[in-house]
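Here the structure comes first, spelled out in structure tokens, and everything after it is commentary.
The values are calculated or read from the model by the stated rules, or taken from the named source; none is laboratory data. All values derive from a computational prediction rather than experimental measurement. Because the Cβ atoms are built from the backbone with ideal geometry, glycine has one as well, and the counts that use them run over all protein chains shown.
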Amino acid sequence: MATTGRARSLEAKRAQSQSQVHSKSGALGQGDQAVAKRIEGSAILITGGTGSFGNNVVRKLLQWNPKRVVIFSRDEKKQFDMRNTYRDSRLRFVIGDVRDSTSVSSVMSGIDYVFHAAALKQVPTCEFFPIEAVKTNILGTANVIQAAIRAGVKRLVILSTDKAVQPINAMGMSKALMEKVMIANSREFNGVAKTTILCGVRYGNVLYSRGSILPYFVDLMKLGKPLTVTDGRMTRFLLPLHQAVDLVLYAFANGAAGHIYVRKSAGTTVEMLARAMIKIFEYDKGFIEVGIRAGEKMHETLVTREEILRAESRNLYYDIAPETQGLDYNQYFVRGRKLNVDKVEPYTSSNTKRLSLDETVELLLTLPEIREELKNWKSRSNLRS
Ligand SMILES: NC(=O)c1ccc[n+]([C@@H]2O[C@H](COP(=O)([O-])OP(=O)(O)OC[C@H]3O[C@@H](n4cnc5c(N)ncnc54)[C@H](OP(=O)(O)O)[C@@H]3O)[C@@H](O)[C@H]2O)c1
């Protein structure tokens with residue numbers, strides 16, 4: 001999806017207001033202190049650092065006195081906008097492509113920690129161009145991991161998605177294989193003297209991220225059209241961006257080799273989301289159902305039944321251990337394990353805590369983007385009346 005410079009600097013502004021909202025909600029917690037200690041004086045690389053995640057995490061990292069933060073991505077315009085927004089000499093911008101192992105290797109020298117966020121993440125793009133998803137999400141991740149191990153990076157966190165769990169679309173399939181690449185590499189290098197700890201996170205759609213349902217609803221309202229929902233019963237996890245960033249930092253601080261971390265999040269139906277927007281904006285055109293689109297599931301899963309059996313629940317998070325830590329091939333071919341899979345439930349957007357209409361309204365009103373749109377909406381209505 002083409003993005004204008006204005007949209008990109010809005011991205012940075014959003015990151016700023018989201019991190020302000022976040023810091024109001026809590027001072028430096030114990031988890032943050034652990035992260036801050038590690039970050040101080042360190043060199044950090046963020047692949048895909050010009051994206052929504054990158055913009056948000058950079059603001060936090062810079063507060064913790066890193067030696068340098070390297071942003072690695074392809075598009076010079078996004079880097080130009082980000083450089084102008086932050087104007088911080090500790091931020092370095094490197095043009096490169098995760099598909100190109102040479103450019104990935106050259107940026108890894110002297111790096112202590114890596115956040116691997118570069119990805120193709122739109123479902124329709126990957127449906128039409130699945131090989132491109134393979135190149136960026138799978139082979140690109142392998143390049144980043146291998147370069148990090150060679151350079152003696154201490155920790156690397158990969159960012160995955162609920163769509164990688166029992167995937168039905170090419171984007172999810174490529175992210176599922178990305179997770180496997182991380183797990184296989186951490187299995188292989190586990191116990192090697194100078195080990196790079198590789199771990200990952202999984203999260204669902206970030207609220208108000210580009211191309212997601214909430215900005216789409218706002219666009220429809222501006223056009224005076226009814227909101228469109230796919231199937232009112234469809235459920236989704238609801239995750240504000242600052243919670244996605246917290247999850248990544250939790251994995252960064254606590255992650256064990258090959259483990260994947262998931263944040264427990266509330267969920268709601270897409271009908272409830274539409275009703276909440278209609279209530280907030282006092283919108284009088286209602287909503288219509290248009291049916292499930294290609295590549296979409298009725299409910300998303302963050303932890304499967306099989307994973308729940310080996311996952312640990314830690315306050316806000318699930319910690320999913322890899323299936324096996326060793327290189328014992330018998331575990332794959334000869335020996336099995338008895339699992340009581342039918343006795344446990346997977347963790348899905350349909351069985352997580354379901355928000356009521358008022359709770360959904362309350363959550364949406366914490367989003368700076370919604371508050372800003374509401375302010376503009378009200379001033380436009382005042383002009384009309
Ligand atoms: N946003 C969500 O709702 C969500 C949900 C679950 C998981 N995630 C995961 O979180 C991560 C970050 O997502 P985001 O929302 O920040 O995505 P985003 O805003 O779309 O940013 C993606 C970043 O990746 C870079 N990139 C893409 N292809 C690249 C390549 N071949 N080489 C180097 N850089 C490349 C992009 O910059 P250039 O185009 O300039 O290269 C951009 O900086 C992704 O891995 C995504 O799958 C996101």
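Data table
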| read-out | value |
| --- | --- |
| Identity of the residue in the stretch 64-102, among the polar types (S, T, N, Q) and exposed (fewer than 14 other Cβ atoms within 10 Å of the Cβ), that ends up farthest from Leu156 (Cα to Cα) | Asn84 |
| Test: Ile138 is in contact with a Ser or Thr (Cβ under 8 Å, 6 or more places away or on another chain), at pLDDT 95 or above and near the ligand (Cβ under 9 Å from one of its atoms) | no |
| Scan of the stretch 59-114 for residues that are β-branched (Val, Ile, Thr) and within 11 Å of the ligand (Cβ to nearest atom), ordered by number | Ile71, Val94, Ile95, Val98, Val104, Val107 |
| Strands (runs of 3 or more DSSP E) wholly inside the stretch 195-311 that include at least 2 residues being more than 20 Å from the chain's Cα centre (by Cα) and surrounded by fewer than 23 Cβ atoms within 10 Å (Cβ to Cβ) | 227-229, 287-289 |
| Only listed residue being among the hydrophobic types (A, V, I, L, M, F, W, C), within 22 Å of Glu40 (Cβ to Cβ), within 22 Å of the chain's Cα centre (by Cα) and outside any helix (DSSP H, G or I), chosen from Val98, Val69 | Val69 |
| Some residue of the stretch 249-265 being farther than 30 Å from His116 by Cα and among the β-branched types (Val, Ile, Thr) | no |
| Tally of residues being of a type outside the set (D, E, K, R) and under 12 Å from the mean Cα position of the chain (by Cα) across the stretch 121-135 | 0 |
